[in-house]
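Contents: one structure, followed by commentary.
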Amino acid sequence: MMIIKILGTGCPNCLKFEANAKQAVKELGLKAVVAKETDLAKISAYGIMRTPGLVIDEKVVSYGRVLMVEDIKALLTKQAA
Amino acid sequence: MQIFSWLNDVFLKMNWLHDGTGFFVVDVLKLDPSNPFVASLHYFLYDTLKIFILLSTLIFTVSYIQSYFSPERTRKILGHYKGLGANTLGALLGTLTPFCSCSSIPLFIGFTSAGLPLGVTFSFLISSPLVDLASVILLASVFNWKIALAYVFVGLILAIFSGTVISKLHMEDQVESFVYRKSELPDMEEEQLTRRNRVDISILAVKDIIQKVWIYILVGVSIGALIHNVIPESLITALLGQDKWYSVPLATLVGIPMYADIFGTLPVAEALVSKGVGIGTALSFMMAVTALSLPSIILLKKVVKTKLLMVFVGIVTSGIMLIGLLFNAFGYLLF
């Protein structure tokens, strides 16, 4: 099962990102779990300097901006392949 | 020179908007312009529209430009420099690199764990919210270019100076240890942004910021309108008049805990100045609101220990007051 994490400290952008990610998973019908990581120490361990960030199965695939549902779907499909 | 002042009048002062809203209030709504509340209404409509138009265009343009300057690239560049040069570059890049204040902590961690000196990171962190392209242009619109440029200049000096002092104090032990844990940037190509990406980011930035600040703008313009037309000048000069020694410290201390966007404070600053408050006092207020705020200090507390935090707040506060006093003393040269 794919584990998707949204890295963010809780600002509205991160919430929007989480919603977009959940929508993308739903539209693709993927077996995946969408979680949010708000702990600073854990977020910084991923090495990103700008939130929000998107992590799929422990690999950082995007950071610094909120992605649209379509872009997230593209990344998820690429990862699933 | 002529064309410059024409551009200034059309795009920054928007005289046409002033006339248009005046027409609307007097000829369409048939209200009496000599009534101070009507004058306030005119001012409110003109200033609100002006700020929203400027805001949208500026944020879009600035975000587009800033999409070329990522913090990752900034970190790489800063790694090559040392000492005062590094602080200066840090302050300069701080103005160009975009970051929303929610990223300030990951950014701080990212810079520090990569080995950048604490002072350089602070120079960056101070200049970023303080001297920001969009607000500088707005300053030029509300006051004039000389003031806007002087503001940029002293803002950068403040950032560089504060960062240098923090470096000299060797307070590296005042940072939470998890920050120093070495971690590399994720193993992925720094996203190559297409032009479409940049446009999307810029549009998103406009929507995002308007959503965040519209209320501050409305409140700010309303207060400005009241100051212009309703609140008696004598009350204002009693509290904040140029000759009062406490005006700058008062303006600064009131501004520090406040969290408001700079776009909301500008109309208040402009109105105060027009009523005889010193330009330095107004700028101190604006700088205090932007550079320091309770939310950002609370966030910073998560990565920096109390002693360093107090040093940071202390230096920036003193710097702001000094700048305020300087502008009050020499500001007449800029008008």
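The values are calculated or read from the model by the stated rules, or taken from the named source; none is laboratory data. Fair warning: this is a prediction, and the values are worked out from it, not measured in the lab. We place every Cβ from the backbone using ideal geometry, glycine too, and count neighbours over all the protein chains shown.
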Open item on the list: Please verify whether A:A24 is surrounded by 16 or more Cβ atoms within 10 Å (Cβ to Cβ) and among the small types (G, A, S), treating the condition exactly as stated.
Closed with: yes
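Scanning the stretch A:29-56 for residues that are more than 14 Å from chain B (Cβ to nearest Cβ) and surrounded by 15 or more Cβ atoms within 10 Å (Cβ to Cβ), which turns out farthest from the chain's Cα centre (by Cα)?
Residues of the stretch A:29-56 more than 14 Å from chain B (Cβ to nearest Cβ): A:29-35.
Those left that are additionally surrounded by 15 or more Cβ atoms within 10 Å (Cβ to Cβ): A:30, A:32, A:34.
Details: A:L30: 14, A:A32: 11, A:V34: 7 Å.
Here the answer is A:L30.
Out of the residues in the stretch B:256-302 that are among the small types (G, A, S), in a loop (DSSP other than H, G, I, E, B) and surrounded by 18 or more Cβ atoms within 10 Å (Cβ to Cβ), state the one that is modelled with the lowest pLDDT. Don't jump to the end; show me each part of the working.
At the first step, the residues of the stretch B:256-302 found to be among the small types (G, A, S) are B:260, B:264, B:269, B:271, B:274, B:276, B:278, B:280, B:282, B:284, B:288, B:291, B:293, B:296.
Retained after the next criterion (residues that are in a loop (DSSP other than H, G, I, E, B)): B:260, B:276, B:278, B:293.
So of that shortlist, the ones also surrounded by 18 or more Cβ atoms within 10 Å (Cβ to Cβ) come out as B:260, B:278, B:293.
Numbers: B:A260: 74, B:G278: 88, B:S293: 79.
Top of the filtered list is B:A260.
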TODO: Output yes when any residue across the stretch A:62-81 is under 13 Å from A:I6 (Cα atoms), surrounded by fewer than 19 Cβ atoms within 10 Å (Cβ to Cβ) and either within 14 Å of chain B (Cβ to nearest Cβ) or not basic (K, R) (or both), and no when none is.
DONE: no
Task: Verdict on B:S67 being polar (S, T, N, Q) and within 24 Å of B:V219 (Cα to Cα) - done: no
Open item on the list: Of everything in the stretch B:1-17, what is more than 25 Å from the chain's Cα centre (by Cα) and in a helix (DSSP H, G or I)? Give them in sequence order.
Closed with: B:Q2, B:I3, B:W6, B:W16
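Given the stretch B:24-115, what helices (runs of 4 or more DSSP H) lie entirely inside it while holding 1 or more residues that are within 11 Å of another protein chain (Cβ to nearest Cβ)? Even if it seems obvious, please write down each step before you answer.
Details: elements: B:36-66, B:71-78, B:83-96, B:104-113.
Filter on the stretch B:24-115 gives B:36-66, B:71-78, B:104-113.
Is there a residue in the stretch B:161-172 that is out of contact with any Gly (no Cβ under 8 Å at 6 or more places or on another chain), free of Cβ contacts under 8 Å to residues at least 40 places away in the same chain and surrounded by fewer than 16 Cβ atoms within 10 Å (Cβ to Cβ)? Steps first, answer last, please.
Narrowing the stretch B:161-172 to residues out of contact with any Gly (no Cβ under 8 Å at 6 or more places or on another chain): B:169-172.
Going one step further and asking which of them are free of Cβ contacts under 8 Å to residues at least 40 places away in the same chain, we end up with B:170.
With the extra rule that they be surrounded by fewer than 16 Cβ atoms within 10 Å (Cβ to Cβ), the set shrinks to B:170.
Yes: the stretch B:161-172 contains one or more residues that are out of contact with any Gly (no Cβ under 8 Å at 6 or more places or on another chain), free of Cβ contacts under 8 Å to residues at least 40 places away in the same chain and surrounded by fewer than 16 Cβ atoms within 10 Å (Cβ to Cβ).
With the structure loaded, tell me whether A:K16 is surrounded by fewer than 21 Cβ atoms within 10 Å (Cβ to Cβ) and not aliphatic (A, V, I, L, M) or whether it fails that test.
Details: surrounded by fewer than 21 Cβ atoms within 10 Å (Cβ to Cβ): yes; not aliphatic (A, V, I, L, M): yes.
In short, yes.
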TODO: Answer yes if at least one residue in the stretch B:242-262 is without any contact (Cβ under 8 Å) to a residue 40 or more places away in the chain, among the basic types (K, R) and over 17 Å from B:A148 (Cα atoms), and no otherwise.
DONE: yes
